[in-house]
Each structure stands twice: as structure tokens, then as C-alpha cells.
1. Can you pull the semi-axes for the stretch 2-137, root of five times each eigenvalue of the Cα gyration tensor, sorted largest first, whole Å?
2. When the chain is treated as a GNM, springs tying every alpha-carbon pair under 10 Å, which of 34, 21, 113 comes out with the largest mean-square fluctuation?
3. May I ask for the angle, rounded to the nearest 10°, between helix 21-31 and the longest principal axis of the chain, with both axes built from Cα atoms and the value confined to 0 to 90°?
4. Classify the stretch 77-136 from the C-alpha gyration tensor, please: rounded if a/c falls under 1.5, else prolate or oblate depending on whether a/b exceeds b/c.
5. Specify the residue with the greatest mean-square fluctuation among 86, 73, 35, computed from a Gaussian network of the chain linking alpha-carbon atoms under 10 Å apart.
6. Label points 7 Å out from Cα along the Cβ direction at residue 108 and residue 64: separation in nm?
7. For the stretch 26-74, just run the numbers: alpha carbon Rg, then divide by 2.2 N^0.38 Å, N being how many residues it has.
8. Which angle between 0 and 90 degrees, to the nearest 10, do you get for helix 56-69 versus the longest principal axis of the chain when only C-alpha atoms count?
Ligand code: ZN
């Protein structure tokens, strides 16, 4: 069986981090699937999905890391294409990736205690996002 769910997020951009673990767990529960996989996907080329320990220190460290490896204050070729100034957003999204798949075991998300599923909005403006959660299994 396969079931899809959508969740809406109001985001601020510039690498704001949203813990969506409880939403993923709710979707698994609603699906009634007890063993299989859950996939979390962001349709959009300036978002990212990954796991992290969602605590205040790392909530600062991760945006700092992004700023170091893909700075927001320099020009990118993409900005010449559209003039939207978010070349860095697309590059960060490509690096982190738009989706994540995790195991569903005995009706539960099989994640670590200190491992949350997070959505990262890398865009340079606020957005309304829809995240697609697909639960597949039996
Ligand atoms: Zn763009």
C-alpha cells in the first residue's frame, strides 16, 4: 500500500529550520502501515530535507556552516539568469537534497532519539511550502 500526505509550512527563508518529525510520525499513524518506508519530499529547488539533532546550538551551527561553504553575499551565475538573487539557495538545496527516506518499523518512524527530520528553507524570502510525505509498505 502507498499513501500520500501533504503538510503546509510557513517559512522565513535564509536557512530557517523546521522540525517536521511529529508530522511525519502523524502521517505514518494515519496511513495504518506498520512496516515499510516513509519518504519526505520538498517540491521546490530552494528547500532541503535532512536529519539533525534539533537543539539550539545546531540550529545556529547549521546556518553558519551553509554561510561558510556557500556564502549568500557573493554573486552567482544563476542570478544573471533570473535576477532573483538566490543562486546560493539553489546550490544549498542541491547539496543537502530535497528528500529523505526512513524505515517504518512496527508502525513507528525508526529514527534515533536525538535525530529529528528537518525541513530547511534556503530561499532568500518567506514562503508557504508544501511537503509531501509518502508512506509505503504493508
Ligand atoms: Zn532562483
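Just so you know, all these numbers are worked out from the coordinates, no wet-lab data involved. Since the structure is predicted, the reported quantities are computational estimates derived from the model, not experimental observations. So basically every Cβ, Gly included, is an ideal-geometry build from the backbone, and we count neighbours across all protein chains shown.
1. 29, 16, 11
2. In this elastic network of the chain, the residue with the biggest mean-square fluctuation among 34, 21, 113 is 113.
3. Approximately 40 degrees, to the nearest ten.
4. Prolate.
5. 73
6. Result for the modelled spin labels: 3.4 nm.
7. 1.63
8. The angle comes out at about 50 degrees.
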